[in-house]
Amino acid sequence: MVSNREMTIHFLSSQKGSIISKWNDELLHLPDGYIGYFKGEVENIFNLLIDQIGKSDTDIGDVLKVVGEKIASDRVKKQLNMEIFCATAAIGRSIIIDHVLNSEATKEEVSDLIHQINAYFDKLIQYALSYFTELKTKELEARYQFISPNHKDRLTLLGQMTSSFVHEFRNPLTSIMGFIQLLQAEQPEIKYLDIISKELDQLNYRITQFLNISKKETFESQPDLFSIAQLVNEVIEFLYPSILEVNASITCNIADDAMISGSKEEFRQVLLNIILNALDVVAGMPSPSIYISGSESPSGILSLNISNNGPKIPEEVLPNIFEPFITTKKRGTGLGLFVCKEIVLKHQGTLTCHSTDFLTTFSIQIKTK
């Protein structure tokens, strides 16, 4: 008597040509540098699925851990975007499940097959993302280890001096901002007060960035458990005047039940920095647009994407976009994205950027609670 596992293997194997063909066709939207790499990987992922179906969770976990770590390692070496791997795996999952649904298997068999397929892809993506984060963190730590002790001492002294100067700047700045607010309330007819106030707010924001970098503090208090959808809505509401100023359209689609643990205020800063950057680059575009989406994919991992239809980030700038003092803006300091990367890494997540002629996307992957 033929077992369910053997029937499943036979059915999916018979559909292999169609599945691989459709899967590869869906890769045409990827940038040129990715297509060749992924086409070679698609068949390996499918063959591994066939080999693992019906095996115990322990056996599958052991194999997928090794494969997931190899996938992550390859992407770190080749500087490939992990977000695109997740999207490609999701495409394959959908195509395979669609074939299963069109099979002659019973309802119970189909349900069991889909459960096994989902478990396979969830584990593979989870292992790959976890190891990718681990490798990127080690890469960042190794980069700092190459700094000579003498240079470290100079950097420490410079940081202390900068922090001290910035604190000194903030005191008179706070007084000036207070007096400007009084003038606006008492004599609103005076010209340019709103411009002065706006510029002072920007200066205060930059000072806050410098101070946050100099602190390099870790969690000392109990981490917050918060809804990322609610936090995004709060940030959008706060930035509403800036959104109106550039007449930008913002589309937001985030799962309401996506909860993460960490510093809510630090994540607020991440969202503020990325969305403010997006508003800056879409200003002047024919139809300035920002798209924000978030979902658990795979289970236990939040994928948050913030995209804009501004100009493409130059290829020579993109690899260093998260380094301090790297900026494409005339008035930028190059610290905003650096701060974002530091915060996300501290929360054991990843922050990546992908840019084409049509869309620039900042992607955050982080564990949910």
How do the pairs read when you match residues in the range 67-89 that are part of a helix (DSSP H, G or I) with residues anywhere that are of a type outside the set (D, E, K, R) and open to solvent by 40 Å² or more (accessible area, probe 1.4 Å), using Cβ under 6 Å and keeping only pairs 6 or more apart or on different chains?
G68/Y127; E69/Y131; A72/Y131
Is it true that Y144 is open to solvent by 50 Å² or more (accessible area, probe 1.4 Å) and modelled with pLDDT of 85 or more?
no
Could you run through the range 94-127 and say how many residues are in contact (Cβ under 8 Å) with a residue 12 or more places away in the chain, over 13 Å from I53 (Cβ atoms) and polar (S, T, N, Q)?
2
Residues in the range 211-227: is at least one touching a helix residue (DSSP H, G or I) at 6+ places or on another chain (Cβ under 8 Å), surrounded by 14 or more Cβ atoms within 10 Å (Cβ to Cβ) and at pLDDT 75 or above?
yes
List pairs: first in the range 197-209 and at negative phi, second at pLDDT below 70 and open to solvent by less than 80 Å² (accessible area, probe 1.4 Å), Cβ under 8 Å, 6+ apart or cross-chain?
N204/R170; R206/T333; R206/L335; I207/V166; I207/R170; Q209/T333; Q209/L335
Could you please let me know if Y120 is modelled with pLDDT of 80 or more and either farther than 19 Å from G349 by Cβ or not in a loop (DSSP other than H, G, I, E, B) (or both)?
yes
Does E316 satisfy the criteria of being more than 15 Å from the chain's Cα centre (by Cα) and closer than 21 Å to K346 by Cα?
no
Return yes or no: is S307 over 18 Å from P241 (Cβ atoms) and surrounded by 20 or more Cβ atoms within 10 Å (Cβ to Cβ)?
yes
Quick one: how many residues across the range 289-304 are more than 30 Å from L124 (Cβ to Cβ) and open to solvent by 10 Å² or more (accessible area, probe 1.4 Å)?
1
Residues in the range 271-285: is at least one open to solvent by 50 Å² or more (accessible area, probe 1.4 Å), assigned to a strand (DSSP E or B) and closer than 22 Å to S355 by Cβ?
no
Failed item in (1) at pLDDT 80 or above; (2) farther than 22 Å from H347 by Cβ; (3) within 30 Å of the chain's Cα centre (by Cα), with Q202 passing the rest
(1)
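The values are calculated or read from the model by the stated rules, or taken from the named source; none is laboratory data. Since the model is a prediction, treat every value here as computed from it, not as a measurement. Backbone-built Cβ (ideal geometry, glycine too); neighbour counts: all protein chains shown. These accessible areas exclude ligands, DNA and RNA; they are computed on the full protein's heavy atoms, side chains included. Shrake-Rupley method; radii C 1.70, N 1.55, O 1.52, S 1.80 Å.
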